[in-house]
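Here's the structure we're looking at; comments come further down.
The values are calculated or read from the model by the stated rules, or taken from the named source; none is laboratory data. Just so we're clear, the structure is a prediction, and the values are computed from it rather than from any experiment. No Cβ is skipped: glycine too gets one built from the backbone with ideal geometry, and neighbour counts run over all protein chains shown.
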Amino acid sequence: MPTRVYAPALMPDTSSLDLPAQEADHLSRVLRVRPGADVRVFNGQGLECEAVVTRVSKHVVAVDVRRFVSPARECRVRITLAQAVLKGDKLDDVIRDAVMLGVAAIQPILTTRTDVPGSAFSQGGRVERWRRIAVSSVKQCGRAVVPDVHAPVSLAEGLARDRSDVRVLLSEPAAGENSGLAALRAVPSASSALVLIGPEGGWAPDEVAEAVRHGAIPVTLGRRTLRADATAIVALSVLLHLWGDL
């Protein structure tokens, strides 16, 4: 499989283009490509083409478009993953794997039991890193759409912004009575869904109540309590299977 390259400037009428500086640097300095090398270029909005490298210099890699191709199919259900911010770099892996599974957007959430202060995101450096991770995951898995990765917001703000048809709140087995996965099988076919995953300490009771007031269906994934950084991937896999997207 040729190296995949992210170039937002790619358009349906593009015949040649200079690759973005970061992509050009990686191709020339790390992969050491030469003129004549085959690459695949995608624009992050669903457009992808086969191309050939025509020029490599210190700061520029240019390509000619050979033909446009069909990228990997996007999920039928547009899923927004609302993941509570986790300690350390755990959210990096969640974003990487969620993008691989086909989510359309990722909304980090600041919760009552989040161990990371909101001020940690004020400069935007961590958010930009998450967006780079999303691009890298898209390259690896064959998608041509780069999901939106938003800056962290409170649960209340995330729920207020969301316009999904279905909302699912993952809770711990010990959190009390919940509707279980059986309820999801009765949900009418939806075009969009919000999947809410809590932090290491779990959702606070008032957060569960608020999500339910906004129409969220609380569910668990069985009797065992999963790690916060594993829950999203397990939940997405189950939901995509139920919705016929795996």
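Points to keep in mind about this one:
A quick yes/no check of all residues on (1) assigned by TED's automatic domain parsing to the domain that holds A190; (2) touching a Ser or Thr at 6+ places or on another chain (Cβ under 9 Å); (3) farther than 25 Å from R167 by Cβ:
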| site | (1), (2), (3) |
| --- | --- |
| R40 | no, yes, yes |
| E48 | no, yes, yes |
| A62 | no, yes, yes |
| A84 | yes, yes, no |
| V135 | yes, no, yes |
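- Yes/no for A151 being in a loop (DSSP other than H, G, I, E, B), without any contact (Cβ under 8 Å) to a residue 60 or more places away in the chain, under 30 Å from V41 (Cβ atoms) and not acidic (D, E): yes
- A82 touching a strand residue (DSSP E or B) at 6+ places or on another chain (Cβ under 9 Å), in contact (Cβ under 8 Å) with a residue 60 or more places away in the chain, not charged (D, E, K, R) and not in a loop (DSSP other than H, G, I, E, B): yes
- Scanning segment 42-55 for residues that are within 15 Å of D25 (Cβ to Cβ) and crowded, with 19+ Cβ neighbours inside 10 Å yields a single hit, V53.
- Scanning segment 22-39 for residues that are charged (D, E, K, R) and either surrounded by fewer than 19 Cβ atoms within 10 Å (Cβ to Cβ) or free of Cβ contacts under 8 Å to residues at least 24 places away in the same chain (or both) returns D25, R29, R32, R34, D38.
- Restricting segment 206-230 to residues that are within 25 Å of D89 (Cα to Cα) and touching a residue at least 60 places away in the same chain (Cβ under 8 Å), the residue that is surrounded by the fewest Cβ atoms within 10 Å (Cβ to Cβ) is D229.
- Within segment 138-162, if we keep just the residues that are out of contact with any strand residue (DSSP E or B) (no Cβ under 7 Å at 6 or more places or on another chain) and farther than 27 Å from Y6 by Cβ, the residue that is surrounded by the most Cβ atoms within 10 Å (Cβ to Cβ) turns out to be L159.
- Of all residues in segment 1-17, exactly one satisfies the criterion of being surrounded by 12 or more Cβ atoms within 10 Å (Cβ to Cβ) and among the charged types (D, E, K, R), namely R4.
- Filtered residue count, segment 1-10, keeping only those that are part of a loop (DSSP other than H, G, I, E, B), hydrophobic (A, V, I, L, M, F, W, C) and modelled with pLDDT of 95 or more: 3
- Tallying residues that are over 17 Å from L170 (Cβ atoms) and within 14 Å of the chain's Cα centre (by Cα) within segment 64-92 yields 4.
- Residue match in segment 159-170 (condition: more than 24 Å from K90 (Cα to Cα) and part of a helix (DSSP H, G or I)): yes
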